[in-house]
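First up is the structure itself, then whatever we jot down about it.
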Amino acid sequence: MASPATATASLCCRLVRLPLLVPYARRRSPLSTRCSAAQSPDAVDREYADLNLRPLYPNEPTEPPEWKEVFEDPLLPLMVDIGCGSGRFLIWLAKNSGERRNYLGLEIRQKLVERSQFWVTELGLRNVYFMFANATVSFNQIVSSYPGPLSLVSILCPDPHFKKRHHKRRVLQSQLVDSITNNLCLGGRVLLQSDVLEVAADMRERFDEYSDVFEHVDCIDKDLRCDNEGWLLDNPMGIRTEREVHAELEGATIYRRMYQKTRVVSH
């Protein structure tokens with residue numbers, strides 16, 4: 001029979017060793033799960049494939065509309081607002097702007113598009129139209145089919161996607177910059193705007209790289225004033241976007257940059 005001292009020592013050893021085993025087992029489980037997930041990244045999609053769920057955002061190019069059906073005069077210059085949100089900004093321009101122009105809003109939230117188009121119908125407007133489309137993949141296919149000139153493109157306060165790994169989700173990627181550059185008419189303009197300096201600077205940098213095609217408007221139109229950093233001091237559109245209203249009420253600065261196409265160079 002073991003002495004009390006021996007039994008106590010044996011029990012202490014077991015108590016000391018036991019916690020060493022438990023954390024080890026716990027550490028292995030997440031690693032094993034991550035490895036399994038990495039080996040089968042589409043396993044969940046396959047599991048629920050029979051639901052045939054549509055993606056939240058359209059990943060395939062959206063077909064252009066029949067322009068003569070959506071605009072009274074499809075030969076007028078066209079303004080495209082990318083990420084038009086609720087559509088109030090474009091509807092106001094379509095109703096109140098003195099320029100003879102058509103307005104097209106592209107938005108990836110379908111319910112907003114449906115509501116915007118409802119308002120257009122209610123107001124009886126024939127110079128503004130909204131589409132459910134992912135501009136990154138659809139801009140070129142839609143706009144290149146328009147029979148009139150593309151005179152203005154606006155990207156106003158887009159989703160900032162702050163995390164670095166999500167930057168690829170930002171709307172203004174190289175593919176879209178190329179599409180805008182190639183489709184914009186000579187003398188056409190691009191308006192960029194954000195209340196987040198990092199986002200505004202990123203968009204600005206992408207268009208600054210096309211200095212063989214674009215000039216900043218303050219070099220052309222001296223009535224458009226800029227600060228020392230080259231940001232427009234005033235809103236050139238005559239009406240603020242909804243995000244712009246909220247941001248300025250919160251005391252935020254709005255960073256704007258506008259470019260004009262002065263040369264025809266294919267990218």
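Taking region 169-189, which residues are surrounded by 20 or more Cβ atoms within 10 Å (Cβ to Cβ) and assigned to a strand (DSSP E or B)?
LEU184, GLY188, ARG189
Could you check region 80-103 and list, in sequence order, the residues that are touching a residue at least 40 places away in the same chain (Cβ under 8 Å) and hydrophobic (A, V, I, L, M, F, W, C)?
Once the filter is applied, which keeps residues that are touching a residue at least 40 places away in the same chain (Cβ under 8 Å) and hydrophobic (A, V, I, L, M, F, W, C), region 80-103 yields VAL80, ILE82, CYS84, PHE89, LEU90, TRP92, LEU93.
Could you check, for region 243-261, whether at least one of its residues is at pLDDT 95 or above, aliphatic (A, V, I, L, M), in contact with a Leu (Cβ under 6 Å, 6 or more places away or on another chain) and open to solvent by less than 60 Å² (accessible area, probe 1.4 Å)?
Yes, some residue in region 243-261 is at pLDDT 95 or above, aliphatic (A, V, I, L, M), in contact with a Leu (Cβ under 6 Å, 6 or more places away or on another chain) and open to solvent by less than 60 Å² (accessible area, probe 1.4 Å).
Could you tell me whether region 190-201 includes any residue that is open to solvent by 60 Å² or more (accessible area, probe 1.4 Å) and either modelled with pLDDT under 95 or assigned to a helix (DSSP H, G or I) (or both)?
Within region 190-201 (the criterion being open to solvent by 60 Å² or more (accessible area, probe 1.4 Å) and either modelled with pLDDT under 95 or assigned to a helix (DSSP H, G or I) (or both)), the answer is yes, since at least one residue qualifies.
Could you check how many residues of region 113-134 are out of contact with any helix residue (DSSP H, G or I) (no Cβ under 6 Å at 6 or more places or on another chain) and surrounded by 18 or more Cβ atoms within 10 Å (Cβ to Cβ)?
Qualifying residue count for the region: 7.
Search region 203-242 for residues being in contact (Cβ under 8 Å) with a residue 60 or more places away in the chain and open to solvent by less than 40 Å² (accessible area, probe 1.4 Å), and hand back the single one that is farthest from the chain's Cα centre (by Cα).
In this case the residue turns out to be MET237.
The values are calculated or read from the model by the stated rules, or taken from the named source; none is laboratory data. Since the structure is predicted, the reported quantities are computational estimates derived from the model, not experimental observations. No Cβ is skipped: glycine too gets one built from the backbone with ideal geometry, and neighbour counts run over all protein chains shown. Just the protein is used for accessible areas: all its heavy atoms, side chains included, with ligands, DNA and RNA removed. Shrake-Rupley method; radii C 1.70, N 1.55, O 1.52, S 1.80 Å.
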